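S.K.: What follows is a single structure, and I will ask about it in a moment.
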Amino acid sequence: MDKMKDTTQLTSTIHSKIHWPAILIHTGHDDLIYLANEQDWETEAQGHIDAMSQLFDSSGITYRLELEDIDNGKLNPHLNWLTATEPLELKQVLSSVRHHASTLGHCCTAKLGANTVKQVLDMMKYLEES
């Protein structure tokens, strides 16, 4: 599916369950998006969503996006985040963060390590701010 256009309104019935900050992960892509809060989600994530997107929140829960088709094959502007049936493990998220750091020009990314979800999110915050 094509990425959604910037004009699409992003809403979710599960926003109250998401613990911010979170990381927006695109399967098969090294680029990640750090979302400090729901406001970041509403502004930064627009135009960066596709059917394979996942959200990894600060409680370690993985959400997958449910996109519902509407008339003429266009995407429903109401996005539903559902708890993923195959959650990401911390080591998978850390691997994605390493690849993301590499695309930003950081070297020695193999040495990046984290034992907790908070450490991974702190690392992402640092990468986004530097």
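S.K.: So, in the stretch 88-113, how many residues would count as being surrounded by 17 or more Cβ atoms within 10 Å (Cβ to Cβ) and not in a helix (DSSP H, G or I)?
M.R.: Looking only at that region, the number is 2.
S.K.: Another one. Might you check whether a residue that is assigned to a loop (DSSP other than H, G, I, E, B), at pLDDT 70 or above and farther than 30 Å from residue 105 by Cβ occurs anywhere in the stretch 48-70? Steps first, please.
M.R.: Of all residues in the stretch 48-70, those assigned to a loop (DSSP other than H, G, I, E, B) come to 48-52, 58-61, 67-68, 70.
Applying the additional criterion that residues be at pLDDT 70 or above yields 49-52, 58-61.
Narrowing the set further to residues that are farther than 30 Å from residue 105 by Cβ leaves 59, 61.
Yes: the stretch 48-70 contains one or more residues that are assigned to a loop (DSSP other than H, G, I, E, B), at pLDDT 70 or above and farther than 30 Å from residue 105 by Cβ.
S.K.: Scan the stretch 114-130 for residues that are over 23 Å from residue 28 (Cβ atoms) and assigned to a helix (DSSP H, G or I) and report the count.
M.R.: 6
The values are calculated or read from the model by the stated rules, or taken from the named source; none is laboratory data. Because the structure is a prediction, the values reported are computed rather than measured. Note that we place each Cβ from the backbone using ideal geometry, even for glycine, and neighbour counts take in every protein chain shown.
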